[in-house]
1. What single numbered condition from (1) surrounded by 14 or more Cβ atoms within 10 Å (Cβ to Cβ); (2) at pLDDT 90 or above fails to hold for residue 62?
2. Considering the range 22-43 alone, what residues qualify as being loosely packed, with under 15 Cβ neighbours inside 10 Å and in contact with a helix residue (DSSP H, G or I) (Cβ under 7 Å, 6 or more places away or on another chain)?
3. Right, residue 56: out of contact with any strand residue (DSSP E or B) (no Cβ under 6 Å at 6 or more places or on another chain), surrounded by 13 or more Cβ atoms within 10 Å (Cβ to Cβ) and modelled with pLDDT of 90 or more or not?
4. Does at least one position in the range 21-33 carry a residue that is outside any helix (DSSP H, G or I), free of Cβ contacts under 8 Å to residues at least 24 places away in the same chain and farther than 18 Å from residue 53 by Cβ?
């Protein structure tokens, strides 16, 4: 991910995946009035969001990537 467009696209795709997987499970459990599954799916949704945020934080910023690329080009020249 080297620019804002890539980051925005990644974020939209990940959000859609989370909603489609975890959100749908939560809705179904809530509609069926299944308290245990609703609680379990609530925690699964929270975990998916937290994992996604940690994934986003682990990616270097565009400035860091640019700096690394500049250093690599200087060393290879």
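The values are calculated or read from the model by the stated rules, or taken from the named source; none is laboratory data. This one's a predicted model, so the numbers in the text were calculated from it and none came from an experiment. With ideal geometry, Cβ positions are generated from the backbone for all residues, glycine too; neighbour counts draw on all protein chains shown.
1. The one condition residue 62 does not meet is (2).
2. Of the range 22-43, the ones loosely packed, with under 15 Cβ neighbours inside 10 Å are 24, 27-28, 30-36, 39-40, 43.
Hit for the range 22-43 is 30, nothing else.
3. Working: out of contact with any strand residue (DSSP E or B) (no Cβ under 6 Å at 6 or more places or on another chain): yes; surrounded by 13 or more Cβ atoms within 10 Å (Cβ to Cβ): yes; modelled with pLDDT of 90 or more: no.
Judged against the criteria, residue 56 is not a match.
4. Step one: list which residues in the range 21-33 are outside any helix (DSSP H, G or I), which gives 32-33.
Those still in the list that are free of Cβ contacts under 8 Å to residues at least 24 places away in the same chain too: 32-33.
Next cut, farther than 18 Å from residue 53 by Cβ only: 32-33.
Yes, the range 21-33 contains a residue that is outside any helix (DSSP H, G or I), free of Cβ contacts under 8 Å to residues at least 24 places away in the same chain and farther than 18 Å from residue 53 by Cβ.
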